[in-house]
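A quick write-up on the structure given underneath.
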Amino acid sequence: MPRTNQDVIRIVKKWQAAGIVHELTCRIDSRHAPLMPIESLGKVVLACPTCGTAQEHIPEFVLDSEPSLDAMTQRLEAANQALARHAEITRTLWTYTAATLSLGLVAGLAFGPAASLIGVAVGTVIAYAANRNRTRAP
Ligand SMILES: [Zn+2]
């Protein structure tokens, strides 16, 4: 099936936004803003937002890249979610560790060393109960 102009614009926009491949840049000066696909006289051209230069040639490897870009984007999203989840668990554990130790310290200061141990034990049970659901696999 031949690509429509809408297909080409979608694919080029995806390439330019992917963040994992080098963007198509202006041939006048590659430091200009990344090229934008626009329709001009029935064709898709790559326009430079900085200087207005348009180039007609769109590399074939860009046009063929959509399935790979989609697959890579999905994998990156999954990896980012895993990282965010890990950070959330770490943050949660630190919060409850600090709360548990504080409880032990306060109990110890108020009622002596034996109470401190009880405070830590109670804090640990509370932290475990509160944490169980948050650290469980989704
Ligand atoms: Zn330019």
Looking at region 71-105, which of its residues are in contact (Cβ under 8 Å) with a residue 40 or more places away in the chain and under 30 Å from ASP7 (Cβ atoms)?
MET72, THR73, LEU76
Checking CYS26 against (1) more than 16 Å from the ligand (Cβ to nearest atom); (2) at pLDDT 95 or above, the condition it does not meet:
(1)
Would you confirm whether or not region 12-20 contains a residue that is farther than 30 Å from ARG132 by Cα, in contact with a strand residue (DSSP E or B) (Cβ under 9 Å, 6 or more places away or on another chain) and either hydroxyl-bearing (Ser, Thr, Tyr) or modelled with pLDDT under 95 (or both)?
no
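The values are calculated or read from the model by the stated rules, or taken from the named source; none is laboratory data. Owing to the predicted nature of the structure, the values given are computational and were not obtained by experimental measurement. Note: ideal-geometry Cβ built from the backbone for every residue, glycine included; neighbour counts use all protein chains shown.
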